[in-house]
Amino acid sequence: MGDFTEAEDPFALFDLWFREASASEINDPEAMTLATVDDAGLPDARTLLCKGVDARGLVFYGNVESAKGRELAAHPKAAALFHWKSLRRQARFRGPVNPLPDAEVDVYFTSRPRQSRIGAWASQQSRPLESRAALEAAVESYAKKFGEGDIPRPAYWRGWRLAPLQIEFWHDGAFRLHDRVLFSRADLDAPWERRRLYP
């Protein structure tokens, strides 16, 4: 890997780390913790799966009526954290979040397993649930409704892209003397600036 703190392109470095994590993590190397903020300014965080990364940012999907969807609609900025315990590494992203185009969301939704598409219809994400039995009944109801036919994407099921203004890479060091490098830019069209940080 060489000295990652000398890397010039944060996305190329992330791609390298992600490929290494994909080979070493037991479960879900694409899992990331997404942090948003509610109307009271209280931070909120949850772990979800990143479904795409390129020079435009991180892609993820979900229900716009969920807590995350409502928070992103009101405050379209977020932070994301990947922690790869097997490699003793972290990557952190911060920046604005924008909805994905319908066509892009449709393509991904269609690629999901059939039961996951049914689950998107059955789950009123983040809202109170009477019982597990009620959820299972909703799944069964939608499975019957769609039968063997196509399962359209619910209007409330969408995608977002976090376009980072900051990306930090962290590698565990002995005696808590970690290596950290922060890439930052003033706006999405500006060049990246790199600097090392104290642990």
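The numbers here are math on the coordinates, done by the rules we state, and not lab data. This structure is a prediction, so every number in the text was calculated from the model and none was measured. Neighbour counts are summed over all protein chains in view; Cβ atoms, including those assigned to glycine, are modelled from backbone coordinates with ideal geometry.
Converting phi to 3J(HN,Hα) with the Karplus coefficients 6.51, -1.76 and 1.60 and the offset θ = phi - 60°, the stretch 173-184 yields x, 4, 6, 6, 8, 6, 9, 9, 9, 10, 9, 9 Hz in sequence order, with x at every glycine or proline. Distance in nm between label sites at His178 and Val37, each 7 Å beyond Cα in the beta-carbon direction? It works out to 2.2 nm between the two label points. With the cut-off at under 15 Å, measuring from each backbone N in the stretch 20-35 to a point 7 Å along the Cα-to-Cβ line of Ala45 picks out 31-35.
From the P(r) of the chain, could you give the percentage of C-alpha pairs in the tail past 22 Å?
55
For Ser116 and Asp54, the difference between the fully extended length at 0.36 nm per residue and the C-alpha to C-alpha distance is 19.8 nm. Sorted ascending by nearby beta carbons within 10 Å, beginning with the fewest, Ser184, Ser141 become Ser141, Ser184. Place a label point 7 angstrom from the Cα of Arg88 along the Cα-to-Cβ direction, then list the residues of the stretch 155-186 whose backbone nitrogen is under 19 Å away. Under cut-off, by backbone N: 169-181.
Summarising the label geometry, the points placed 7 Å from Cα in the beta-carbon direction at Asp106 and Glu6 lie 4.9 nm from one another.
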